[in-house]
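The values are calculated or read from the model by the stated rules, or taken from the named source; none is laboratory data. Since the model is a prediction, treat every value here as computed from it, not as a measurement. Here Cβ is always computed from backbone atoms with ideal geometry, including for glycine, and neighbour counts include all displayed protein chains.
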Amino acid sequence: MIRVGLTGGIGSGKSTVARMLANEGFTVVDADQIAREIMEPGSPVLAEVAREFGEELVLADGSLNRAELAHRAFTTADATARLNAITHPAIRAESMRRLDEAEARDEAAAVYDMPLLVDLGLHKAMDLTVVVDVEPEERVRRLVASRGLDEADARARIARQIPDAERNAAADVIINNNGPVEELGPQVEALANRLRSGK
Ligand code: ADP
């Protein structure tokens, strides 16, 4: 099975491409979704986070107080690193387990949708790295329009990620999403055909 790492900077259209590949019939393992699932009530990861950042982060119904965790974990680099040390290995293990399941079902290819794929060096565990690329200023415009971020926040989030040149340098395939969304279709279809043909 071809393991396809799909990534792109925030606002690049990575989720849009992931949806199109799912519509083409490929299994898509969504790292952001797994990140939420591993913190569900009763999970060992949630217990570990509570031990590290405060038991009161677990609300009466067993769920995580996400806003308070964000406040405690994302205000200093050290706290962020401590949170990541708990969550990243768990996200990675569950992601790989789901890719293994796709392989056990004899699928030709499966897609790992992961925003930090290259930032964390996880692309090295993939057979093909696909990067969705868009100029930063266009991403800022799309983030402001679609997610209601203000421009400064959008720029700050982009600045916290790996530089586009480094991400693109890790790519086997670059999907150019600078143009209208209609121009994604043929590029995604070409990728899908390549994956189905096993190359
Ligand atoms: P990501 O997952 O990379 O953060 P999304 O797929 O959520 O990005 O796309 C960000 C926003 O930009 C969404 O609202 C999406 O519909 C929109 N979008 C994606 N591609 C294009 C495009 N080519 N032109 C205009 N808007 C786009």
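Please indicate, with yes or no, whether at least one residue in the stretch 2-23 is surrounded by 14 or more Cβ atoms within 10 Å (Cβ to Cβ), among the hydroxyl-bearing types (Ser, Thr, Tyr) and not assigned by TED's automatic domain parsing to the domain that holds Ala145. No, the stretch 2-23 contains no residue that is surrounded by 14 or more Cβ atoms within 10 Å (Cβ to Cβ), among the hydroxyl-bearing types (Ser, Thr, Tyr) and not assigned by TED's automatic domain parsing to the domain that holds Ala145. Can you find a residue in the stretch 100-119 that is touching a Leu at 6+ places or on another chain (Cβ under 9 Å), assigned to a helix (DSSP H, G or I), in the same structural domain as Leu6 (by TED's automatic domain parsing) and within 15 Å of the ligand (Cβ to nearest atom)? No, the stretch 100-119 has no match at all. I'd like the residue in the stretch 11-40 that is in contact with a helix residue (DSSP H, G or I) (Cβ under 8 Å, 6 or more places away or on another chain) and in a helix (DSSP H, G or I) and, out of all such residues, is farthest from the ligand (Cβ to nearest atom). It comes out as Glu37. For the stretch 165-199, filtered to residues that are within 10 Å of Val132 (Cα to Cα) and assigned to a loop (DSSP other than H, G, I, E, B), the residue that is nearest to the ligand (Cβ to nearest atom) is Asn177.
Mind counting the residues in the stretch 140-153 that are within 17 Å of the chain's Cα centre (by Cα) and either at pLDDT 95 or above or more than 15 Å from the ligand (Cβ to nearest atom) (or both)? Break it down into steps so the answer makes sense when it comes.
Step one: filter the stretch 140-153 for residues within 17 Å of the chain's Cα centre (by Cα), giving 143, 147.
If we keep only those that are either at pLDDT 95 or above or more than 15 Å from the ligand (Cβ to nearest atom) (or both) as well, we get 143.
Total satisfying the criteria: 1.
For the stretch 128-139, taking the residues that are away from the ligand (no atom under 12 Å from the Cβ) and over 17 Å from the mean Cα position of the chain (by Cα), the one that is surrounded by the most Cβ atoms within 10 Å (Cβ to Cβ) is identified as Pro136.
Conditions (1) closer than 30 Å to Met1 by Cβ; (2) modelled with pLDDT of 95 or more; (3) assigned to a loop (DSSP other than H, G, I, E, B), marked per residue:
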| residue | (1), (2), (3) |
| --- | --- |
| Gly42 | no, yes, yes |
| Gly62 | no, yes, yes |
| Glu68 | no, yes, no |
| Ile86 | yes, yes, no |
| Pro89 | yes, yes, no |
| Met96 | yes, yes, no |
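Sub-8 Å Cβ pairs linking a first residue in the stretch 177-199 that is closer than 30 Å to Asp106 by Cα to a second residue that is away from the ligand (no atom under 11 Å from the Cβ) and assigned to a helix (DSSP H, G or I), at least 6 apart or interchain, are Val188/Leu21; Leu191/Leu21; Ala192/Leu21, ordered by first then second residue. Note on the stretch 59-95: residues that are of a type in the set (Val, Ile, Thr) and crowded, with 17+ Cβ neighbours inside 10 Å amount to 3.
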